Amino acid sequence: PVTLQVTGAAFPGLSAHALPAAFTVRPGTTRRITVEISVSDCSGLPLNADLPFLDVTLRNARAIQHHSFIFGRAYSRDLFRLLRGACAPTPAPQPGRPSGSAGSQNAD
């Protein structure tokens with residue numbers, strides 16, 4: 001059996017953890033996991049991350065291994081959406097436009 005734990009995300013300012021936090025996979029079996037990624041600091045994050053990775057630790061009775069995995073396009077796309085939603089500047093609100101006759105002072 002191997003125990004897997006997510007230990008980091010691709011960039012400083014991101015944190016990642018798996019649900020469940022650490023779990024064991026028995027030989028010959030597979031396991032679907034959910035990885036939650038949170039943004040804590042946007043200042044150093046690229047908003048167009050192309051090949052983001054996820055750091056994991058694999059551990060069994062004989063060894064501990066640290067790996068960085070690069071996942072497919074779906075992961076890149078989802079991470080891009082997360083970063084844009086959390087870190088992209090929001091446009092300034094547009095001022096109201098005058099309405100009514102030329103001499104009117106009304107604004108919408």
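The values are calculated or read from the model by the stated rules, or taken from the named source; none is laboratory data. Keep in mind that this is a model prediction, so the values were computed, not measured. Because the Cβ atoms are built from the backbone with ideal geometry, glycine has one as well, and the counts that use them run over all protein chains shown.
Observations, loosely collected:
- Of all residues in the range 9-54, exactly one satisfies the criterion of being of a type in the set (G, A, S) and touching a His at 6+ places or on another chain (Cβ under 9 Å), namely S38.
Quick grid of which residues meet (1) part of a loop (DSSP other than H, G, I, E, B); (2) aromatic (F, W, Y); (3) at pLDDT 85 or above:
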| residue | (1), (2), (3) |
| --- | --- |
| H17 | no, no, no |
| D41 | yes, no, yes |
| V56 | no, no, yes |
| S76 | no, no, no |
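- Residue in the range 88-104 that is at pLDDT 80 or above and in contact with a strand residue (DSSP E or B) (Cβ under 9 Å, 6 or more places away or on another chain) present: no
- Subset of the range 37-67 (residues that are surrounded by 11 or more Cβ atoms within 10 Å (Cβ to Cβ) and over 12 Å from Q5 (Cα atoms)): I37, S38, V39, D41, C42, L45, P46, L47, A49, P52, F53
- Residues in the range 19-39 that are over 17 Å from the mean Cα position of the chain (by Cα) and among the β-branched types (V, I, T) were compared, and the one that is modelled with the highest pLDDT is T29.
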